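The structure appears right after this line, and notes come after that.
The values are calculated or read from the model by the stated rules, or taken from the named source; none is laboratory data. What you see is a predicted model; the values in this text were computed from it and never measured. Note that each Cβ is placed from the backbone with ideal geometry, even for glycine, and that neighbours are counted across all protein chains shown. Areas reflect the complete protein model, heavy atoms only, side chains present, ligands, DNA and RNA absent. Shrake-Rupley method; radii C 1.70, N 1.55, O 1.52, S 1.80 Å.
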Amino acid sequence: MSTHSRTAAAWEPVAEPIAVLGVGVEGRSTIAYLLSHGARRIEALDAKVVDGLPPSVETRFGEGYDRDLERFATVFRSPGVRPDHPPLAAARARGTRVTSALSLVLSRCPARVVGVTGTLGKGTASSLAAACLEGAGVRVHLGGNIGKNPLDFLDDARPEDVVVLEISSFQAMDLAASPEIAVILRTTSEHLDWHTDTAEYRAAKAGLVAHQTADDTVIFNADSEGATGIATASRAARLAFSVAREVDTGVFVRGDRLVRSAGGREEVLPFDASRLRIAGRFNLENVAAGVAAALAAGARPEPVCRAAERFEGLPHRLERVIEAGGIAFYNDSYATRPDAAIAAVGAFEAPLAIILGGSEKNADFGPLAAALAARPNVVRVALIGATAGRLAAALAAVGPTRFPAVEHETMEDAMEASARALPGRGVVLLSPACASFGLFANYKVRGERFRAKAAEIAARLM
């Protein structure tokens with residue numbers, strides 16, 4: 001496998017004084033990285049007080065933290081701050097360079113970078129790509145929106161390595177550089193409480209490919225209008241992936257096999273979907289994307305495909321927790337959108353009792369209700385949280401259903417009732433279609449509570 005062809009030897013220095021606007025996890029990593037590379041004039045700016053910063057860093061917290069940004073030569077925007085935030089726009093107009101931690105990574109990284117974005121599956125596809133590359137013997141660094149800030153490992157990256165980054169719309173929106181390999185997953189609409197509309201959301205995603213060249217590669221979901229549209233914004237070579245149809249150039253699913261096509265020729269890859277350890281045919285989209293990315297990075301097909309088959313999935317993403325007495329418990333707490341819950345429901349043919357609900361994101365539950373009503377294996381729907389009433393109304397609107405929809409005070413009560421409702425076998429699925437707040441601190445806490453209760457119920461069934 002070849003090494004990275006670009007060089008980070010001629011780094012553009014970061015002009016001082018420097019402001020870091022927004023001092024969360026990314027802001028702290030940005031400050032640490034800049035200090036380790038010789039920066040001396042850094043100011044941390046945030047609406048709230050932030051403790052534990054290095055003593056050499058000046059601070060301005062609270063009201064007016066973002067005023068007079070034009071006095072800085074460089075401002076690092078954290079993902080939660082919009083690029084058109086008026087003080088930022090004013091500073092940019094007066095010559096201040098506004099950038100981000102991710103732009104710094106992409107401009108300095110000595111390794112080849114695979115950047116993954118989209119609405120659904122970013123974490124799974126990023127982790128799959130990393131696992132496929134590692135299975136082929138490549139030294140991989142995985143980070144970005146999935147958890148680890150790439151600035152924390154940038155100095156450890158070598159030209160022969162590959163860096164895989166999950167990238168959100170907030171991060172991609174104003175990038176000053178692009179990855180050599182960009183992966184665009186199924187893209188619909190999300191975060192409309194932050195983006196002005198769907199068009200802006202998709203335009204933000206397109207920022208990932210805005211600086212690609214003809215020497216780069218963009219891999220896109222050919223079954224998604226949103227992903228296809230973003231790919232057209234790139235000047236890179238295009239590789240499609242699809243689970244629904246054959247593509248001329250890229251990777252597609254034929255039965256249980258993956259096929260790579262190029263120049264009118266096909267290669268059946270050494271992959272068998274029946275050996276996959278992750279549930280749900282929808283996950284074949286993530287597999288195809290991850291395999292295509294690893295192959296585009298130069299890895300050999302056989303170890304890549306074996307690694308894809310062995311991939312166990314991520315916590316809280318359709319995670320098989322435990323099975324006892326014929327009943328399996330699946331934790332899909334990360335499914336905070338109706339379309340994610342629809343995909344999860346479609347992964348099962350066994351009798352299914354699903355737990356829905358949580359805090360309000362003002363999503364349309366109509367398609368989810370229709371999907372549940374159309375599935376003959378759904379035997380019960382348990383509703384929890386602030387959205388229980390709206391979910392019940394959406395189910396009532398589709399007409400009489402074969403299953404009851406029952407509201408519960410707690411998730412644990414919902415799990416007990418769901419397990420009792422199954423006919424001696426089946427699946428209890430937590431796929432809430434809603435955020436967790438109100439009942440839980442976050443989706444991870446919700447998933448961990450599900451795991452604990454599942455183990456308790458399973459112990460009684462054994």
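A cut-off of 5 Å between modelled amide H atoms, ignoring neighbours fewer than 5 places along the same chain, links ALA435 with SER359, LYS361. When only Cα pairs below 8 angstrom with a gap of at least 6 residues are kept, the chain shows a relative contact order of 11 percent.
Taking amide H atoms as placed 1.01 Å from N in the peptide plane, the amide H of ALA328 lies under 5 Å from those of GLY426, VAL427, VAL428, each 5 or more residues away in sequence or on another chain.
Report, to the nearest whole %, how much of the accessible area of the chain belongs to carbon and sulfur atoms, 1.4 Å probe, protein only.
C and S fraction of accessible area: 52 percent.
Each principal axis of the Cα cloud of the chain was evaluated for its coordinate range; sorted largest first, these ranges are 67, 59, 39 Å. Extension gain for ASP152 to ALA441 (0.36 nm times residue separation, less C-alpha to C-alpha distance): 101.4 nm.
Of all DSSP beta bridges in the chain, what percent run antiparallel (nearest 5)?
On the way: 15 of 73 bridges.
DSSP beta bridges in the chain are roughly 20 percent antiparallel.
Calculate, in nm to one decimal, what ALA396 and ASP256 gain on full extension: separation in residues at 0.36 nm each, minus their alpha carbon distance.
Working: separation 140, 0.36 × 140 = 50.40 nm, distance 3.75 nm.
Full extension of this stretch gives 46.6 nm more.
Would you mind computing the Rg to Rh ratio of region 234-358 from its alpha-carbon coordinates, Kirkwood style for Rh? Walk me through the numbers before you get to the answer.
Numbers: Rg = 16.4 Å, Rh = 16.0 Å.
When Rh is taken as the Kirkwood radius, the ratio is 1.02.
Taking Lys and Arg as +1 and Asp and Glu as -1, the other residues whose beta-carbon sits under 15 Å from that of LEU395 total +2. Here the Karplus relation 6.51 cos²θ - 1.76 cosθ + 1.60, evaluated at θ = phi - 60°, turns the backbone of region 173-180 into coupling constants of 4, 9, 5, 9, 8, 10, x, 5 Hz, with x for every Gly and Pro. May I ask which of LYS122/LYS148; LYS361/LYS444; LYS122/LYS444 have a Cα-Cα span longer than 21 Å here? Pairs exceeding the cut-off: none.
Each principal axis of region 310-462 carries a Cα extent, and these read 39, 33, 33 Å when sorted largest first.
In order along region 448-462, the phi-based Karplus estimate (6.51 cos²θ - 1.76 cosθ + 1.60, θ = phi - 60°) of 3J(HN,Hα) comes to 5, 5, 4, 4, 4, 5, 4, 4, 5, 5, 4, 4, 6, 8, 6 Hz; Gly and Pro are listed as x. Taking a straight Cα-Cα cut-off under 20 Å and skipping sequence neighbours fewer than 8 places away in the same chain, no lysines fall within cross-link reach of LYS48. Close amide H pairs (under 5 Å, H built 1.01 Å from N) link HIS141 with VAL162, VAL163, VAL164, residues at least 5 positions away or on another chain. So for the chain, taking the charge dipole from beta-carbon charges (+1 Lys/Arg, -1 Asp/Glu), which of ALA125, SER56, THR30 sits furthest toward the positive end? It is ALA125.
Eigen-decomposition of the gyration tensor built on the alpha-carbon atoms of region 62-161 gives equivalent ellipsoid semi-axes of 33, 16, 10 angstrom, largest listed first.
Secondary-structure-derived ellipticity at 222 nm for the chain, considering helices only, amounts to -9000 deg cm²/dmol, per-run term -39500 (n - 2.57) for DSSP H runs with n ≥ 4. Calculated over region 141-222, the projected area of the Cα convex hull averaged across directions stands at 6.2 nm². Projection of the Cα convex hull of region 345-385, averaged over all directions and equal to a quarter of that hull's surface, yields 3.0 nm².
A Förster radius of 51 Å combined with the Cβ-Cβ distance from THR198 to SER36 puts the calculated FRET efficiency at roughly 0.80.
The string of couplings for region 96-111 from the Karplus curve (6.51, -1.76, 1.60, θ = phi - 60°) is 6, 7, 9, 9, 8, 4, 5, 4, 5, 4, 5, 7, 10, 5, x, 9 Hz, one whole number per residue in order, with x for Gly and Pro.
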